[in-house]
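Here's the structure we're looking at; comments come further down.
What follows is calculated from the coordinates using simple rules that are stated; it is not laboratory data. What you are looking at is a predicted structure, and each value in this text was computed from that prediction instead of being measured. Quick reminder, even Gly has a Cβ in these numbers, built from the backbone with ideal geometry, and neighbours come from all protein chains shown.
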Amino acid sequence: MDLSYGAEAEVFRAQLRDFLAQRWRPADKGQALKDYIRAFRRDAVEQGYLYRGVPQQYGGSEQPVDVIRAQVIREEFARARAPMEVGGNGTNMLVPTLLECGTEEQKERFIRPTLEGDYVWGQGYSEPGTGSDLASVRTKGELRDGEWVINGQKIWTSQGRDATHMFALIRTEPAAAKHAGISYLLLDLKQPGVTRRPIRQMTGESGFYEFFFDNATTPADWIVGERGKGWIISRTTLKHERASIGSADGLGFQFSKLVELAKEIHIDGEPAILKPAIRQALGRVEGWVLAHRYSSYRIFSCAAANEEPGNITLMMKLLVTEIGHDMALLAQELLGENILLEPGPAGTRGRGPEKWLDQIMGSLGNSIAGGTTNIQRNIIGERGLGLPRDPGMRA
């Protein structure tokens with residue numbers, strides 16, 4: 001197995017390191033950090049390092065697909081602790097959806113401000129009482145005098161505090177079949193008729209918001225795809241969401257922190273990591289972490305060779321969820337009675353048990369984000385393995 005990237009990639013790495021050394025020096029600048037980061041990102045785009053898959057006319061660098069260079073960029077930006085693309089729902093989900101399905105006017109209007117962080121997008125999918133049945137949305141949209149009039153409620157919206165806009169599934173054809181009556185609409189959240197409220201989670205934080213729409217409006221042409229065909233567009237967005245969740249980045253770091261915890265926690269007067277049962281549990285989790293990482297290498301290698309990796313791509317999000325949950329359970333066992341501590345106020349978390357409480361509780365939420373674990377298993381079984389579809393399920 002050859003895990004090197006080749007001589008050409010290393011020449012590119014050296015050029016990138018020179019750029020980062022010269023351009024990413026925020027401590028030397030007197031200007032506000034936010035403005036400095038914005039200027040740095042624009043320079044990085046001009047050099048072809050960021051937003052490589054986005055055409056220049058929409059604010060990207062429009063580079064040829066090159067998974068090896070993309071990986072080198074991720075590694076070197078991380079090494080330099082330099083900011084990459086603006087994260088979140090907009091760049092990870094909406095922008096690729098618009099590039100695939102949006103009109104030219106929508107691409108021109110929304111992509112550049114999203115890439116530069118001026119537009120922050122909430123995801124308006126979930127609703128109270130719908131569970132994992134995404135197609136059962138009840139928020140209604142009526143077309144009146146050239147605009148959609150929206151009434152209803154969305155819940156569990158990440159980035160809800162800062163969101164300026166939302167991409168949402170809205171029922172616009174009430175007489176149509178469940179999956180056929182949904183449209184994919186874009187909304188400006190800074191308008192009368194939109195109310196946002198924080199949802200206090202069991203961690204004590206309010207990372208999610210709920211939104212209420214009372215005759216809120218959006219222009220008629222802020223619809224992505226055809227009217228009543230929003231279900232098809234939503235699957236495009238979910239594809240990109242699951243890809244970002246299924247990334248191997250972060251699992252190895254999280255496991256290293258778990259090992260540190262096992263060294264810090266003492267059981268019967270000695271570090272927990274010296275206990276055979278704990279070492280065996282850590283070894284089992286590390287096996288899954290490494291399996292996931294080398295699976296990601298396989299996908300990476302196939303992409304570099306322009307080959308299809310097969311069904312493994314369907315499994316990556318599920319694996320991240322399951323491995324993260326296993327690590328949370330082991331951390332919970334190590335923490336013992338400290339697991340009963342109430343988390344401190346948001347922004348005050350330290351390195352102690354309260355930090356792990358966030359991860360333990362968050363692992364439960366990860367089994368829902370991007371499609372529930374059971375839905376992921378259905379996808380793997382039906383689309384990957386060709387198993388018969390559940391009679392009660394529809395695509």
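Principal axis lengths of the range 51-148 from Cα atoms, whole Å, largest first?
Here the spans come out as 48, 32, 23 Å, largest first.
Starting from the Cα of Arg79, step 7 Å along the direction of its Cβ; do the same at Ala277; then give the gap between the two resulting points in nm.
So the two model labels end up 4.3 nm from each other.
Using mean Cβ contacts within 10 Å as the protection proxy, how do 177-188, 5-16 order, highest first?
Result, highest mean first: 177-188, 5-16.
Can you order the peptides 48-56, 251-259 by their average number of other Cβ atoms within 10 Å per residue, highest first?
Highest mean packing first, the order is 48-56, 251-259.
Apply the Karplus parameterisation 6.51 cos²θ - 1.76 cosθ + 1.60, with θ equal to phi minus 60°, to every residue of the range 184-192 and state each ³J(HN,Hα) to the nearest whole Hz, in sequence, with x for glycine and proline.
So the J values, rounded to whole Hz, are 9, 10, 9, 10, 8, 7, 8, 7, x.
Can you tell me the alpha carbon radius of gyration of the range 99-163 divided by the globular rule-of-thumb value 2.2 N^0.38 Å?
Cα Rg divided by the expected 2.2 N^0.38 Å: 1.34.
Give me the extension gain from Glu260 to Gln332: residue separation times 0.36 nm, minus the current Cα-Cα distance, reported in nm with one decimal.
Separation in residues times 0.36 nm, less the Cα-Cα distance, equals 24.5 nm.
Please compute the modelled spin-label separation between Glu307 and Gln191, points set 7 Å along Cα→Cβ, answer in nm with one decimal.
Computed distance between label sites Gln191 and Glu307 equals 5.0 nm.
What distance in nm separates the simple spin-label points at Tyr5 and Phe253, each placed 7 Å from Cα in the Cβ direction?
About 1.8 nm, to one decimal.
Spelling out what I want: for every residue of the range 146-153, take phi, set θ = phi - 60°, compute 6.51 cos²θ - 1.76 cosθ + 1.60 (Karplus), and round to whole Hz; glycine and proline get x.
Here the 3J(HN,Hα) series is x, 8, 8, 9, 10, 9, x, 9 Hz.
Just round it to a whole percent: the fraction of Cα-Cα distances in the range 7-85 exceeding 14 Å.
Tail of the P(r) past 14 Å holds 62 percent of the pairs.
Considering the Cα trace of the range 142-218, what is its radius of gyration and what is Dmax, both in angstroms?
Calculated on Cα positions, Rg and Dmax stand at 13.7, 45 Å.
Could you state, as a whole-number percent, how many of the C-alpha pairs of the range 143-294 are farther apart than 23 Å?
When all Cα pairs of the range 143-294 are counted, 58 percent exceed 23 Å.
What percent of all Cα-Cα pairs in the chain falls in each 20 Å bin, counting up from 0?
That works out to 23, 56, 21, 0, in percent per bin.
Pull up all non-local amide H partners of Gln123: gap of 5 or more, or a different chain, and H-to-H distance under 5 Å with H placed in the peptide plane.
It is Ser158, by chain and number.
In terms of modelled amide H atoms, which long-range or inter-chain residues lie less than 5 Å from the amide H of Thr103?
Here the answer is Gly225, since their amide H atoms fall under 5 Å of that of Thr103.
Tabulate in residue order the Karplus-calculated ³J(HN,Hα) for the range 257-274, using 6.51 cos²θ - 1.76 cosθ + 1.60 with θ = phi - 60°, rounded to whole Hz; enter x for Gly and Pro.
Running phi through 6.51 cos²θ - 1.76 cosθ + 1.60 with θ = phi - 60° gives 5, 5, 5, 4, 4, 5, 7, 7, 6, 10, 10, 6, x, 9, x, 4, 5, 7 Hz.
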